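I have placed the structure first, in the form of structure tokens, so that the comments after it can refer back to it.
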Amino acid sequence: MSRIVDVVVVGSGMAGLVAALVAARQGRSVRLLTSGMGSLAISGGSVDFLGYAEGRFAANPWQSLALLPEEHPYRLLGVENVRAAFDFFSQTMEEQHWPMHAATAEDGSPRNTQLPTIMGTLKPTYLLPSGLDAQAMATARRVLVLSVQGLRDCRPALVISQLRRYRSWADKEFAHSLLPSPFGETHRAVTALDLARLADKPQSRQWLLDALAAHAGSCDLVLLPPLCGSKANPEVWRAINAAAGCPVVEMLSIPPGVGGLRLRDALLRALNQHDFELVENTTVLRAETAGKTCTTLVADASGQERRHTAHAFVGATGGILGGGIWLEPGKATESAFGIDIAVPQDVAQWSEPEIFGRHLFSHLGVRVDRAMRPVDAAAAVRWNNVFFAGRSLGGYDFATEKSGHGVAVATGWQAGRMAAAAAAGGENQ
Amino acid sequence: MSVRINPDKCIACTTCVVHCPVAEATPKFLGPRMIGPAYERFRLLGLAEDPSLHYCANCKNCDISCPHGVPVSSLNMMARADQCRAHKPGLRDWVLGHGELMAKWLRLIPASLKNLGMLNPVTRMALDALGIDKRSPLPAFARHSFRQLMRHVHQPDLERRVVFYPGCYVDVYDPRTGLDMVWALNRAGYKVIVPDELVCCGLPMVANGFWQNARSNAEHNLKALAQWRDAGLPVVTGCPSCALMFRVDLPEYFPDIAQKYGACRLADAQEFLLDAVDNGDFSLAADGKASQLPDLRLIYHAPCHLRAQGNGLPGLELLRRLEGVTTENADAGCCGISGSYGFKKEKYDIAQEIGAELFARVRESGAQAAVSECGTCRVQIMHGTGKYALHPVSILRQRLDMR
């Protein structure tokens, strides 16, 4: 690890991968340190942007940005930067042959899509894989909800009874069926991921195509658990839509996250075309700083300390569950740089009695300026070459806003871009 | 069992299930989350073991992918040790777990006869009946072990010294790689010491359920290593699995021994060489005729046990700094062999299924050879692709040394 790189990124979730890619695209050498594999292995394949603002559904998320509090990462970035970040992401996915798009309203403006989940609820999300036809959900009369024998996570009858409660779905004709399991009897309960992996390979994809073809003509729309492949491969979707004879929409599901793996696949493929190095299974212990500059991150590597020296750093270490934020009674700390996060001494004040309320724990995190540099209590920049992105940031609550991947993309883009610029400046000095 | 790992750090996020190559290859395996932390709770209550525990290959992808640092593979290996204490593993597992000991017993028999004895079709049928798949690529014994050959190597008189731990694979089957490593360490300015007292790291014993044997090897090795550490000499190995065993597994499995002898870590030889390059001690400029070699295209496979060490891929970095050599990172996951796992009759097909993506990547790469630090990964790649596979130091020597 003696080689000095331009940018060290910590964390391999959506924010870390986007930050690394932005910096690498600008010709910087990038080393990505990761402990675990990031959240994409357990998340869905669409990109949430902003589903709810002030507790109300945001039909057009761009218009709802102004309703967000000032410290929200989207507000810090400003609309133009958020737009540029989404453009960068969409362009990357296009280049990796996994184009993504937002549905459009009648006037042509982009809108959120209410995507069904395997629980039969609707979740607003924004960027969808191009193979997913959002319009079909509005126009379809006859809807077939399918699952697979042995797939315990998805019960079509439950999905239907729940969906009927929504006005937009109440008048549809529903039918349901269980496809025969391609595995037969198994020791382990089959997951959507097991089935999706069969769809990855042409030789084992046929069972799904045959099973769908048996229902072709009986409906205008098929709702399926996410089993249309675990790689960013559009060929799988084309084959599946063709076999079903009508649009197929994957419902959002619980982990393991099939859709997120497709995004991870596409992003890693893009990164591997650049001067990019992935260091797995390492945890950052502390930062070495000199005045307003961070010089090195010290990380644990199987019981030994390893130094990672770079011109700029991006912290995309995740939130409380991802290990980016440590909690103790009365104290919250960012884990890699040891930044104190201000919290009340009394932990009872960290949450609200109302479960969907505005809990402090769900939006606490690192405070940053517009360039994503962490700031202290007096709003002064701590280091000029350190940038944060994703859930380690404070000021937003991805769970109630439905903004997780979107904030990760937007702040990852900004942090990566700023780190690339700082690294270029650092080299010149 | 004196030590237990608390399973409650696991939040059941399923990341390890996503990244487990065995769970991907077969639904017969319950998967790391269930077999590791989830079943550990049942074990603590004294409830019965799940019958699919033996499918864990100990490849460590669960440990690599876990966001909470749960040592899933260690939970599995300790459970296997418990299971094997109650039901002794068979002869097949003993054979696969004790390659080094077998080689010692057979030392007086010439390699050609040993190989004729072990690898002829009749013996392979007998081994197949024992549970070692007849299709599996059992490596051939070398004529002379690495340590035997080392006695005749004339090294330059260098002041700095380094201890080299060859690992069983290099010692018994692949001494040439060991000699290439000695050449490289000499070039970096170090005289190489290969101690006789170090024995097998014990990983094959753990994986096959011979916990007590692994423990006595660990004690033997840590005691020996402590002497070199106290003498201030670096100890390096070219084998990622041996390094991981010393650095991570032994302190977790046998904390009492680890405490008794203190930290005795094995450094990664490739990283050691890379540091020497950066210090200016190791020149990557070719000698003599080597500078006129034609360009070489390689494809590199990162062993899972190297990825688990948190050190990145120093071997790949070395290769990428060589003039006239282009090295693609296959980045195609586990090769499937996991030491002796892929030799077993009931695991052979799983191992081939796991390795399929890597084999395809290697075949389609157009590379002249594959490169990997791990000996059994190389065996598996050669078996799955028909392409030659070498250790990075062998490439270094081929490209730089032509005297």
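Rule-based calculations on the coordinates, nothing more; no lab input. Only a predicted model underlies this, so the values are computations on that prediction, with no experimental measurement involved. For neighbour counting, all protein chains shown are included, and Cβ atoms are generated from backbone atoms with ideal geometry for every residue, glycine included.
A:V343: net charge of surrounding residues, Cβ under 11 Å, Lys/Arg +1, Asp/Glu -1, itself excluded?
-2
Looking at the stretch B:316-403 from every direction and averaging, what is the projected area of its Cα convex hull in nm²?
Approximately 5.9 nm², given one-decimal rounding.
For A:V47, what charge total do you get from the other residues with a beta carbon under 12 Å from its beta carbon, if Lys and Arg give +1 and Asp and Glu give -1?
Net charge around A:V47: +1.
When 1/r is averaged over all different Cα pairs and the result inverted, which Kirkwood radius in Å belongs to the protein assembly as shown?
For the protein assembly as shown, the Kirkwood estimate is 28.4 Å.
When Rg is the radius of gyration of the Cα atoms in chain A and Rh is its Kirkwood radius, what does Rg/Rh come to?
The Rg/Rh ratio comes out at 0.99.
Given the C-alpha atoms of the stretch A:323-429, compute the convex hull and give its volume per residue in Å³.
103
Counting partner chain Cβ atoms within 10 Å of every residue's Cβ in A:179-188, what's the average?
Partner Cβ neighbours, averaged per residue: 3.
For chain B, just list the percent of Cα-Cα distances falling in each 20 Å bin from zero outward, please.
Spelled out bin by bin, chain B gives 27, 60, 13, 0 percent.
Tell me whether the stretch B:221-276 comes out rounded, prolate or oblate; compute the Cα gyration tensor, take square roots of the eigenvalues as a ≥ b ≥ c, and use a/c under 1.5 as the rounded threshold.
Oblate is the answer for the stretch B:221-276, as a/c is 1.5 or above yet b/c matches or exceeds a/b.
Rounded to whole Hz and in sequence order, give me ³J(HN,Hα) for the stretch B:244-249 from the Karplus expression 6.51 cos²θ - 1.76 cosθ + 1.60, θ = phi - 60°, writing x for Gly and Pro.
With coefficients 6.51, -1.76 and 1.60, one gets 5, 4, 6, 7, 10, 6 Hz.
Report, by chain and number, residues whose modeled amide H sits under 5 Å from the one on A:T296, excluding near sequence neighbours (fewer than 5 apart, same chain).
It is A:E288, by chain and number.
Given springs between every Cα pair under 10 Å in a Gaussian network model of chain A, which of A:I42, A:I118, A:I355 has the largest fluctuation?
Its mean-square fluctuation being the largest, the pick is A:I355.
Considering only B:L316, B:L233, B:L138, give the residue with the highest GNM mean-square fluctuation for chain B, with springs between Cα atoms whenever their separation is below 10 Å.
B:L233
Compute the distance from the alpha-carbon center of the stretch A:193-226 to that of the stretch B:189-225, in whole Å.
So the separation of the two Cα centres works out to 51 Å.
Take B:K260, A:K402, A:K123 and order them by how many other Cβ atoms sit within 10 Å, fewest up front.
B:K260, A:K123, A:K402
With θ set to phi - 60°, apply the Karplus curve 6.51 cos²θ - 1.76 cosθ + 1.60 along the stretch B:36-44 and write out the HN-Hα couplings as whole Hz, x wherever there is a Gly or Pro.
These are the phi-based 3J(HN,Hα) values: x, x, 5, 6, 4, 5, 5, 4, 4 Hz.
Would you mind pulling out the separation of the Cα centroids of the stretch B:358-387 and the stretch A:140-175, in Å?
47
Restricting to Cα pairs below 8 Å that are 6+ residues apart, what does the relative contact order work out to for chain A? Please round to a whole percent.
25 percent.
How much net charge surrounds A:S302 when only other residues with a Cβ under 9 Å from its Cβ are counted (Lys, Arg +1; Asp, Glu -1)?
Net charge around A:S302: +1.
Could you state the orientation-averaged shadow area of the convex hull built on the Cα atoms of the stretch B:7-86, in nm² to one decimal?
Result: a mean projected hull area of 4.7 nm².
Kindly express, to the nearest 10 degrees and within the range 0 to 90, the angle between helix B:175-187's C-alpha long axis and the longest C-alpha principal axis of chain B.
For helix B:175-187, the angle is close to 60 degrees.
For B:K88, go through the lysines and keep the ones whose alpha-carbon is under 21 Å away, minus same-chain ones fewer than eight residues off.
B:K344, B:K345, B:K347
Can you put B:W94, A:W383 in order, fewest other beta carbons within 10 Å first?
Placing the least packed residue first, the sequence is B:W94, A:W383.
When a footprinting reagent is the concern and you count Cβ atoms within 10 Å, what order do A:V248, B:V194 take, fewest first?
Going from least to most buried by this count: B:V194, A:V248.
5 Å is the cut-off here: which amide hydrogens, built 1.01 Å from N in the peptide plane, fall below it relative to A:V366, excluding neighbours closer than 5 in sequence?
A:L393, A:G394
Based on Cβ point charges of +1 for Lys and Arg and -1 for Asp and Glu, what charge dipole magnitude is obtained for the stretch B:21-99 about its Cα centre, in debye rounded to the nearest 20?
Computed about the Cα centre, the dipole is about 120 debye.
Sorted from largest down, what three extents in whole angstroms do the Cα atoms of the stretch B:146-272 have along their principal axes?
40, 31, 23
Once amide H atoms are placed 1.01 Å from N in the peptide plane, what residues at a sequence separation of 5 or more from A:V314, or on another chain, have their amide H within under 5 Å of its amide H?
When sequence neighbours closer than 5 places are left aside, the close amide H contacts are A:V8, A:V9, A:V10, A:F387.
Which residue, A:I325, A:A287, A:P256, has the largest displacement toward the positive end of the dipole of the stretch A:179-325 when charges sit on each Cβ (Lys, Arg +1; Asp, Glu -1)?
About the Cα centre, the residue reaching furthest to the positive side is A:A287.
Hydropathy at least -1.0 by Kyte-Doolittle, axial extent at least 30 angstrom from the Cα trace: which helices of chain A, defined as entire DSSP H runs, fit?
The qualifying helices are A:404-428.
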